[in-house]
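Here is the structure we will look at.
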């Protein structure tokens, strides 16, 4: 099985058996899995919304998540068979009212709802970072918390 590590402002889509991993704090990773084609993808974004100013990059949740969905569809995934798992958005040493983490999570949920992609699992918020390992072999996810 192939292994791919992604970092902030990246996404990866796997058509061959692959484990995709990343480490998250206030960032969010959306893991998408097409149960029909076994195409899987993960993104890792830093900020919730691109507002039209500056570069339209994968740093922003709205840009990253839509590109992830479009990329999977372009490789043969069927929107009717895609399911999502959402991770991250932790509050790290910042009061929750001023943290980007919860806003990052909300952007993911809003976009997935727009595309009618069900969120079948999530592990968001809290005060710890996470390492996430996502397999397109069966859509499984392993989460390990940092101390």
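Taken together, the values in this text are just the output of simple stated rules run on the coordinates, not laboratory data. What you are looking at is a predicted structure, and each value in this text was computed from that prediction instead of being measured. Quick reminder, even Gly has a Cβ in these numbers, built from the backbone with ideal geometry, and neighbours come from all protein chains shown.
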Protection-proxy order for peptides 43-49, 74-80, each taking the mean of Cβ atoms within 10 Å per residue, highest first: 43-49, 74-80
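Based on the alpha-carbon gyration tensor of the stretch 20-147 and its eigenvalue square roots a ≥ b ≥ c, which shape applies: rounded if a/c is under 1.5, prolate if not and a/b is larger than b/c, or oblate?
oblate
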Cα shape, the stretch 75-147, gyration tensor, a/c 1.5 rule: oblate
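For the chain, what does -39500 (n - 2.57) per DSSP helix run (n ≥ 4), summed and divided by total residues, give at 222 nm, in deg cm²/dmol to the nearest 500? The partial results should precede the final answer.
Numbers: 2 runs with 29 residues, N = 147.
Rounded to the nearest 500, it is -6500 deg cm²/dmol.
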